[in-house]
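J.: Structure incoming, see below.
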Ligand SMILES: Cc1ncc(COP(=O)(O)O)c(C=O)c1O
């Protein structure tokens, strides 16, 4: 099940692995993505720290890590096709896989329904 | 069509008389001699004239129409100042000429240094930096050196508001500083409480634009500067927006230690399109020894010389003495406007912006609305949410209606931002015409939004695919034979 952060990232955990991406709402606000600056595998990030940067025709935006962990894998397809972030933000356009260290960090993230309400209240 | 595409083998725009000297072979290392022809276009004189005349007719410029590009101060620059910068007396000077030959040019630069000191309330100015961002870099190098000389190498943090121009964090990062973003408060100003949280012994300084990029005057500026000083940091003023405050407020009196100006905005050189620009940096007395060299000084008997012996100088930041022609325009502009004239410029720039803001606010949402300075920002998020039309679409439609589009999607803290800077040189009728065009666009958004989504239709090229251009840039034209993979 996906969990969402207030800074508009999602995370989905399977075992010790967390897949991270940006939400559909975030991709809409960003506009056409032209470049994703992905981290090196092995890099360690803390929850709330900058995980990577996404550049769109409008702006460059930081993506914050919704959980702490070590980068296992990045979505190599984005190098050639950054538009996947627009076309399929919550599936094929995933950004990074992390090995998570502390599952309890997930508890203060929102579920899909809570996140939808949050976006409405923000707009 | 590119001039290369007009090219036909053997066509030329000149005919030279037969050669009357013997042909000789270049005495050069063979690997330095070109083996293939350079591939220049082969066209007739008439084709060249038509080609460039056509290009110039496709161009949009301040001399053609209203250009409200926020943050860029695209105002009209008097032609007199161009004429002076191009005059033979000045444009044929060579920087390697002897100082004695250059007295007029040195006097001009010396006087300009002093005038900029007077306008900003600083004590010394270097005219070297070649653009605004270059001035910022110079300022950051000065801050780094100052802390080093004072044994404070741990001071590594530069505080920058989230509304700042993108060049600010970039300049600080280039010098090796750690950039810390300060959130704006609900009024669009530096949040003083937020600032306090980040003030510690590691603070090297703050970079602040005032008026900020929302066009708002940072009313707590004195407090902000004082707090940073108490933490042992220096205060840097991004004076790119000086057009709003000349003759009314001085960064030096707000407490700033270092300031840069964009002469190519406020002082009569057009901004943008590749330069040349000029971003002089001014400092308070205690930092004068850190400025880039050379400065211009007045010597004995009214002669002017270059001054190189500054104890802590960060060195040279550009070849020779900066972009001299821009300095000439600035000097001519300041001399012809006079102190009262410059003050009037700022008053009119602010009046025009407020007039247009007030008119547009009848139908549009203004971000952080209140009395603004020289520019203001529309928040077009409601238009997007309610009518499905983006700021981008509205900006493109303005091109059809005969205007240059405002700056869009900046500052980043306003969603669907449209940043409008009318400048002092526009008439009330022109501002009204723009407001009417904006209202018309809003009506179209309600009734026929596709007109906006497909705009522009009347320009030499219609809507460009910006995403594709960024994802797969083609930066060089190639001959048919060379294309392919
Ligand atoms: C507030 C501000 N700072 C810095 C700059 C950078 O100036 P430049 O483009 O000359 O590098 C600009 C340019 O528009 C600006 O508006």
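The values are calculated or read from the model by the stated rules, or taken from the named source; none is laboratory data. The structure displayed is predicted, hence computed values, not measured ones. Glycine also receives a Cβ, built like all others from the backbone with ideal geometry; neighbour counts cover every protein chain displayed.
J.: Here are some conditions: (1) crowded, with 21+ Cβ neighbours inside 10 Å; (2) within 30 Å of residue B:328 (Cβ to Cβ). Residue B:254 meets all but one. Which one does it not meet?
T.: That leaves (1) as the condition not met.
J.: So, in the range B:363-386, exactly how many residues are more than 14 Å from chain A (Cβ to nearest Cβ) and touching a helix residue (DSSP H, G or I) at 6+ places or on another chain (Cβ under 8 Å)? Before the answer, list the steps.
T.: Going residue by residue through the range B:363-386, those that are more than 14 Å from chain A (Cβ to nearest Cβ) are B:363-364, B:366-378.
Next cut, touching a helix residue (DSSP H, G or I) at 6+ places or on another chain (Cβ under 8 Å) only: B:363-364, B:366, B:369, B:371-376, B:378.
Matching residues across the range B:363-386 total 11.
J.: From B:356, B:378, B:342, B:351, grab the single residue that is more than 19 Å from residue B:138 (Cα to Cα) and assigned to a strand (DSSP E or B). Give the derivation first.
T.: Working: B:356 fails: assigned to a strand (DSSP E or B); B:342 fails: assigned to a strand (DSSP E or B); B:351 fails: assigned to a strand (DSSP E or B).
Answer to the check: B:378.
J.: So, one more: Answer yes or no as to whether residue B:305 is over 26 Å from residue B:144 (Cβ atoms), more than 16 Å from the ligand (Cβ to nearest atom) and either in contact (Cβ under 8 Å) with a residue 24 or more places away in the chain or within 14 Å of chain A (Cβ to nearest Cβ) (or both). If you could, list the steps in order and put the result at the bottom.
T.: Values: over 26 Å from residue B:144 (Cβ atoms): yes; more than 16 Å from the ligand (Cβ to nearest atom): yes; either in contact (Cβ under 8 Å) with a residue 24 or more places away in the chain or within 14 Å of chain A (Cβ to nearest Cβ) (or both): yes.
Taking the combined requirement at face value, the residue satisfies it.
J.: Whether any residue in the range B:113-123 is away from the ligand (no atom under 16 Å from the Cβ), free of Cβ contacts under 8 Å to residues at least 60 places away in the same chain, more than 17 Å from residue B:172 (Cα to Cα) and surrounded by fewer than 18 Cβ atoms within 10 Å (Cβ to Cβ) is what I want to check.
T.: Yes, the range B:113-123 contains at least one residue that is away from the ligand (no atom under 16 Å from the Cβ), free of Cβ contacts under 8 Å to residues at least 60 places away in the same chain, more than 17 Å from residue B:172 (Cα to Cα) and surrounded by fewer than 18 Cβ atoms within 10 Å (Cβ to Cβ).
J.: Looking at the structure I just gave you, is residue A:121 surrounded by fewer than 17 Cβ atoms within 10 Å (Cβ to Cβ) and within 14 Å of another protein chain (Cβ to nearest Cβ)?
T.: yes
J.: Does the range A:66-94 hold any residues that are farther than 30 Å from residue B:379 by Cα and assigned to a loop (DSSP other than H, G, I, E, B), and which are they? So that I can check it myself, show each step before the final result.
T.: Filtering the range A:66-94 down to residues farther than 30 Å from residue B:379 by Cα leaves A:67-81, A:91-92, A:94.
A:67, A:68, A:75, A:76, A:81, A:91, A:92, A:94 - these are the residues of the range A:66-94 that are farther than 30 Å from residue B:379 by Cα and assigned to a loop (DSSP other than H, G, I, E, B).
J.: From B:380, B:352, grab the single residue that is outside the structural domain of residue B:117 (by TED's automatic domain parsing), free of Cβ contacts under 8 Å to residues at least 60 places away in the same chain and surrounded by 23 or more Cβ atoms within 10 Å (Cβ to Cβ). Please lay out each step first, then the result.
T.: Working: B:352 fails: free of Cβ contacts under 8 Å to residues at least 60 places away in the same chain.
When all the criteria are applied, what remains is B:380.
J.: Same structure, new question: Please tell me if residue A:13 is more than 30 Å from residue B:392 (Cβ to Cβ), surrounded by fewer than 23 Cβ atoms within 10 Å (Cβ to Cβ) and in contact with a strand residue (DSSP E or B) (Cβ under 6 Å, 6 or more places away or on another chain).
T.: Values: more than 30 Å from residue B:392 (Cβ to Cβ): yes; surrounded by fewer than 23 Cβ atoms within 10 Å (Cβ to Cβ): yes; in contact with a strand residue (DSSP E or B) (Cβ under 6 Å, 6 or more places away or on another chain): no.
No, not satisfied.
J.: I need a count of the residues in the range A:71-86 that are more than 13 Å from residue B:468 (Cα to Cα) and in contact with a helix residue (DSSP H, G or I) (Cβ under 8 Å, 6 or more places away or on another chain).
T.: Taking the range A:71-86 and keeping what is more than 13 Å from residue B:468 (Cα to Cα), we get A:71-79, A:84-86.
In the following step, the residues that additionally are in contact with a helix residue (DSSP H, G or I) (Cβ under 8 Å, 6 or more places away or on another chain) were identified as A:75, A:77-78, A:84-86.
Going through the range A:71-86 one residue at a time, the tally reaches 6.
J.: Here's a follow-up. Output the number of the condition that residue A:95 fails; it satisfies all remaining conditions of (1) farther than 13 Å from residue A:22 by Cβ; (2) away from every other protein chain (no Cβ under 14 Å); (3) crowded, with 16+ Cβ neighbours inside 10 Å.
T.: (1)
J.: Further question on the same structure: Among the residues of the range B:453-467, is any within 11 Å of chain A (Cβ to nearest Cβ) and crowded, with 22+ Cβ neighbours inside 10 Å?
T.: So the first thing to find is which residues in the range B:453-467 are within 11 Å of chain A (Cβ to nearest Cβ), and the list is B:464-467.
Now restrict to residues that are crowded, with 22+ Cβ neighbours inside 10 Å: none.
No, every residue in the range B:453-467 fails to be within 11 Å of chain A (Cβ to nearest Cβ) and crowded, with 22+ Cβ neighbours inside 10 Å.
J.: Follow-up question, since we're still on this one. Can you tell me which of A:87, A:99, A:80 is modelled with pLDDT under 95 and over 16 Å from residue A:115 (Cβ atoms)?
T.: It is A:80.
J.: Return the only residue of B:322, B:279 being touching a helix residue (DSSP H, G or I) at 6+ places or on another chain (Cβ under 7 Å) and touching a residue at least 12 places away in the same chain (Cβ under 8 Å).
T.: B:279
J.: Which one of these is more than 16 Å from the ligand (Cβ to nearest atom), modelled with pLDDT under 95 and at negative phi: B:183, B:196, B:145?
T.: Just one listed residue meets the conditions, B:183.
J.: If you go through the range B:163-180 one residue at a time, do you hit one that is away from chain A (no Cβ under 14 Å), away from the ligand (no atom under 15 Å from the Cβ) and either closer than 19 Å to residue B:412 by Cα or not in a loop (DSSP other than H, G, I, E, B) (or both)?
T.: Within the range B:163-180, none of the residues are away from chain A (no Cβ under 14 Å), away from the ligand (no atom under 15 Å from the Cβ) and either closer than 19 Å to residue B:412 by Cα or not in a loop (DSSP other than H, G, I, E, B) (or both).
J.: Can you work out which of the residues in the range B:266-292 that are within 10 Å of the ligand (Cβ to nearest atom) and over 16 Å from residue B:322 (Cβ atoms) is surrounded by the fewest Cβ atoms within 10 Å (Cβ to Cβ)?
T.: B:272
J.: Give, as residue ranges, the helices (runs of 4 or more DSSP H) completely inside the range B:424-485 that count at least 1 residues that are at pLDDT below 95. Reasoning before the result, please.
T.: Values: elements: B:428-447, B:449-454, B:466-471.
Qualifying helices (runs of 4 or more DSSP H): B:466-471.
J.: What pairs come up if the first residue lies in the range B:128-140 and is away from every other protein chain (no Cβ under 14 Å) and over 13 Å from residue B:239 (Cα atoms), the second is near the ligand (Cβ under 7 Å from one of its atoms) and part of a loop (DSSP other than H, G, I, E, B), and their beta carbons are under 8 Å apart, counting only those six or more places apart or on different chains?
T.: B:129/B:279; B:130/B:277; B:130/B:279; B:138/B:279
J.: Of B:36, B:43, which residue is assigned to a loop (DSSP other than H, G, I, E, B) and surrounded by 13 or more Cβ atoms within 10 Å (Cβ to Cβ)?
T.: B:43
J.: Could you tell me which numbered condition residue B:398 fails, if it satisfies all but one of (1) closer than 22 Å to residue B:219 by Cβ; (2) away from chain A (no Cβ under 14 Å)?
T.: Result: residue B:398 passes all but (1).
J.: Looking only at the range B:220-244, count how many residues are touching a strand residue (DSSP E or B) at 6+ places or on another chain (Cβ under 9 Å) and within 16 Å of the ligand (Cβ to nearest atom).
T.: The qualifying residues number 9.
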